[in-house]
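Some notes on the structure that comes next.
The values are calculated or read from the model by the stated rules, or taken from the named source; none is laboratory data. Small disclaimer: the values here were computed from a predicted structure and weren't measured. All Cβ positions, glycine included, derive from the backbone under ideal geometry; neighbour counts span all protein chains shown.
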Amino acid sequence: MTHAEATKEIQQLTEQVNYHNNLYYQQNRTEISDFEFDQLLKQLIDLENQFPALKLPDSPTQRVGGAITKEFEAVAHQYPMLSLGNTYSEQDLRDFDERVAKGLEGVAFEYFCELKFDGVSISLIYEDGILAKAVTRGDGVRGDNVIANAKTIRTLPLKIRATEVPPKFEVRGEVFLSKDVFRQLNREREDIGEETYANARNTASGTLKMQDSAEVAKRKLDCYLYYLLGESIGIQTHEQAIREMERWGFQVSPTYRKCRDINEVLQYIHYWETKRNGLPLETDGVVIKVNDLDQQKVLGFTAKSPRWAIAYKYKAESISTRLNGITYQVGRTGAVTPVAELEPVLLAGTTVKRASLHNANEIERLALHEGDFVFVEKGGEIIPKVTGVDLAQRGSGAKPIKYINACPECGTKLIRTEGEANHYCPNEKGCPPQITGKVEHFIQRKALDIDSLGEQTIKQLFSLGLIKTPADLYDLQKSDLLKLDKVKEKSAQNILDGIAASKNAPFESVLFGMGIRFVGKTVAEKLSGYFKSMDALAGASYDQLLQAPEVGEKIAQSVVDFFAEESNRTEVARLKAAGLKMESNQKEPEKVSNALGDKSFVISGTFANYERDALKDIILANGGRVLSGVSGKLDYLLAGENMGPSKLEKAEKLGVTVIGIEAFEAMLKP
């Protein structure tokens, strides 16, 4: 393909994919199947890898991430991001109303109310309709430019396609994790033996500052916009600004309302106090603004906040109920989680019967006693939590609750590794919930994807002695399955067909399904791409594992420990004999030119617009070779930011040519 042909094709594919993205995320409609969409995106990614200089600023491939950012650029806010004054008191709102009336000297005014979302503030700057910067609040005067991560938020337009848009403007909003995404994220962490996140807001904040935008993309951040700024943007009211933002393609929460006076503001607050619990994200209050922008200027600012706006905060609903006892759940990795069994109570619109106590430290911190009445909250949290003890209702003879020392399922003495909060049952080969949990992990969608099986079927198979490990699934016969409750001839055949189909799962899915502690889906993909086969991975040393992307000391040690167990090696051998894929099928990129003329490269450091794997593919696709170490035979050391000094020193000593990314891109041009 010529340079001109690639330019035209990339333009067309970019427009197509952006069009379908807008339909799906902004209008909740689709015109093509997921497969067709994925094929269009793949074509665009392949072309951009072959012709990186042709990538457009609004390319939808930025949605999947890939840029590595070691340090975020500090940016001064053109308009300071001040915090709002807030209150929990309705009387304070009436006092605020009186101050506004006095400041406007009797001129009529109205308010605009919006829900206050529990997320992370972001300032988005658009130039000539293109998203140019995404800046965090920081200290209100300066923030960090997290543009690569913001571009992964699929509801944010990378390019404004509406007409009559100012050449430069700024929109502000709140980045958040939805309740469903947060729950799923915690389920995945629990599944691989990691501690779960405490709340969605802090998790969204940490995600927005991650160095690898590809990982950010997997977190599925979202964003609501609520504020428009700029010079000569031609609006007179905040309501008009909201309408313009909606017209330009920004996602604005439809929960806003214009109010004629403070009484209507209070009605709005009361309306959403309980109804907000049904929204897809957490809210913690209401923001009240004077609607007219000229009136906002008249009222002005204090040193810390505007005089024309205030936030009303809902009190976190807390209620006292009896602690009927504590049960202990054993997960797939052996982690034991204490759960408070509560007298059922209505809280934030739902009946709460249970609340996680996380670990022994939490039971000790709360100083729980048998029969205590405890305070339970749901404000700002997805999952109810016990926040304290109602000491006034504690009985005189109540005994302190002590954390168990033996597994509630198999009786094995629990262990607690230094530096970890959780207790673990070490009997992974004989503890029932660990055995069934490992099989359930193996069959899940992100692993072997055997959807004809389910949790209850797995438990039945285990109770009948038909399975103890995932490899046992491949020995099942139809006669075995017909022993299960409610399983007839057709259902049994569906299960067998699903098991047979799982043999086509790629190596990285098999590796993830093995259930190695701390090896999530992303790490499994990185290990698969780096080691290429199960045999190579099993034979890798601790130091060799540390060289793989995404692998730190904890993961490396876990992999070494896993393959050191003879039973695990036997399990791998059985799965291999059953026909599962034990080698990576990742193909070398198709050759598109010989621009690099068989020259050899070592890649070191980080690059703003490329992942190292992508650079490797570009080199191979253009006739070059990629080596792992610097030697006298090396042609080029491709140097990025934060490159290790030893490679640079060795290259200079051996006379190897050191180039940056600009020189490398120049080598690719015809």
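A few notes on this one:
- Residue within segment 257-266 that is assigned to a strand (DSSP E or B), among the aliphatic types (A, V, I, L, M) and closer than 17 Å to GLU98 by Cβ present: no
- Options VAL216, VAL165; residue that is hydrophobic (A, V, I, L, M, F, W, C), outside any helix (DSSP H, G or I), out of contact with any strand residue (DSSP E or B) (no Cβ under 7 Å at 6 or more places or on another chain) and crowded, with 16+ Cβ neighbours inside 10 Å: VAL165
- Elements of type helices (runs of 4 or more DSSP H) in segment 1-119, at least 3 residues being among the hydroxyl-bearing types (Ser, Thr, Tyr), outside the structural domain of GLU170 (by TED's automatic domain parsing) and buried (at least 18 other Cβ atoms within 10 Å of the Cβ): none
- Looking only at segment 393-421, and only at residues there that are modelled with pLDDT under 90 and within 30 Å of GLU343 (Cβ to Cβ), the one that is surrounded by the most Cβ atoms within 10 Å (Cβ to Cβ): ALA421
- Every condition in (1) more than 30 Å from GLU566 (Cα to Cα); (2) part of a loop (DSSP other than H, G, I, E, B) is met by ALA392 except one, and the failing one is (2).
- Annotation note: Cβ proximity below 6 Å between a residue of segment 603-617 that is closer than 17 Å to LEU627 by Cα and a residue that is of a type outside the set (Val, Ile, Thr) and part of a helix (DSSP H, G or I) (sequence gap 6+ or interchain) occurs for ILE603/ARG612; ILE603/LEU615; SER604/LYS647; ASP617/ASN49.
- Inside segment 517-558, residues that are assigned to a loop (DSSP other than H, G, I, E, B), free of Cβ contacts under 8 Å to residues at least 24 places away in the same chain and buried (at least 16 other Cβ atoms within 10 Å of the Cβ) make up a count of 2.
- Residue count for segment 219-251 satisfying the condition of being of a type in the set (A, V, I, L, M), closer than 30 Å to ARG187 by Cβ and either in contact with a Pro (Cβ under 8 Å, 6 or more places away or on another chain) or part of a loop (DSSP other than H, G, I, E, B) (or both): 1.
- Residue count for segment 282-322 under the criterion of being among the basic types (Lys, Arg) and either part of a strand (DSSP E or B) or crowded, with 20+ Cβ neighbours inside 10 Å (or both): the result is 3.
- Tally of residues being touching a residue at least 40 places away in the same chain (Cβ under 8 Å), more than 20 Å from LEU93 (Cα to Cα) and surrounded by fewer than 19 Cβ atoms within 10 Å (Cβ to Cβ) across segment 258-281: 4
- Counting only helices (runs of 4 or more DSSP H) wholly contained in segment 464-516, no element carries 2 or more residues that are surrounded by 20 or more Cβ atoms within 10 Å (Cβ to Cβ) and not assigned by TED's automatic domain parsing to the domain that holds SER567.
- ALA595 vs. criteria at pLDDT 80 or above and more than 22 Å from LEU545 (Cα to Cα): yes
- Verdict on GLU364 being outside any loop (DSSP other than H, G, I, E, B), in contact with a Lys or Arg (Cβ under 7 Å, 6 or more places away or on another chain) and at pLDDT 90 or above: no
- Filtering segment 329-355 to residues that are closer than 22 Å to PHE518 by Cα and assigned to a strand (DSSP E or B) leaves GLN329, VAL330, ALA335, VAL336, THR337, PRO338.
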